[in-house]
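Have a look at the structure below before the remarks.
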Amino acid sequence: MKPWYVSILVTLLMPLLLSGADDKKKESQTQTQTSVTMTNEVIQQGTSSGIKDAIAKIITTQKEWEELWKRHVSILVPQPPVPPVDFESEVVAVIFAGEKRTSGYRVILKNVAAEGNDGVITYKLTEPPDNSFILQVLSQPFVILKVEKPQGTVKLLRE
């Protein structure tokens with residue numbers, strides 16, 4: 001065989017050989033993380049609430065839900081009715097960031113997922129960036145979420 005044939009053959013086969021090595025490398029580096037999303041519905045989210053305290057909890061009874069809703073909507077006229085929740089198959093997760101002196105604060109849901117028999121709700125509290133334009137008003141960032149009831153418990157995890 002002539003030397004220039006060998007160089008052409010190597011040039012043509014090299015991309016095929018390298019692509020196979022890359023596939024094997026990708027397969028070994030790829031790890032799948034299984035996360036099962038739980039059925040959920042945001043009942044209400046905003047920055048104006050009658051609840052001034054920082055609260056993050058799971059509500060599992062109708063009585064507790066009605067008491068919290070009454071406190072939450074106490075600043076509204078007329079007050080909206082309590083949203084229906086079937087506590088046989090659902091729970092309510094409430095996250096109130098507490099009263100803030102300015103605008104720009106938010107509660108952001110990051111993930112609602114099942115981990116084994118439990119449910120995990122991951123959230124983040126954001127603040128206004130430094131040197132940003134903000135309003136000098138009282139705000140009460142919150143999110144109220146209805147989640148399917150898992151076999152275990154529901155945990156709130158702040159990032």
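The values are calculated or read from the model by the stated rules, or taken from the named source; none is laboratory data. These numbers were taken from a predicted model, which means no experiment stands behind them. A quick note on method: Cβ atoms are made from the backbone with ideal geometry, for glycine too, and the neighbour counts reach across all protein chains shown.
Search region 136-155 for residues being part of a strand (DSSP E or B) and in contact with a Ser or Thr (Cβ under 8 Å, 6 or more places away or on another chain), and hand back the single one that is nearest to Ala54 (Cα to Cα). Going through the qualifying residues, I end up with Phe142. Within the option set Ser48, Ser74, Ser103, being assigned by TED's automatic domain parsing to the domain that holds Val120, surrounded by 15 or more Cβ atoms within 10 Å (Cβ to Cβ) and polar (S, T, N, Q) holds for one residue only, Ser103.
Under 22 Å from the mean Cα position of the chain (by Cα), of a type in the set (Gly, Ala, Ser), farther than 17 Å from Gln44 by Cβ and at pLDDT 95 or above: is that true of Gly104 in this structure? Answer is yes for this residue. Residue count for region 51-81 satisfying the condition of being free of Cβ contacts under 8 Å to residues at least 40 places away in the same chain and farther than 27 Å from Ala113 by Cβ: 14. Scanning region 118-135 for any residue that is assigned to a strand (DSSP E or B), closer than 18 Å to Asn40 by Cβ and in contact with a Ser or Thr (Cβ under 9 Å, 6 or more places away or on another chain) turns up at least one such residue.
Annotation: of all residues in region 106-132 being surrounded by fewer than 16 Cβ atoms within 10 Å (Cβ to Cβ) and small (Gly, Ala, Ser), the one that is farthest from Lys155 (Cα to Cα) is Ser132.
Are any residues in region 112-135 farther than 18 Å from Ile55 by Cα, at pLDDT 95 or above and among the acidic types (Asp, Glu), and if so, which ones? Answer for region 112-135, where residues must be farther than 18 Å from Ile55 by Cα, at pLDDT 95 or above and among the acidic types (Asp, Glu): just Asp118.
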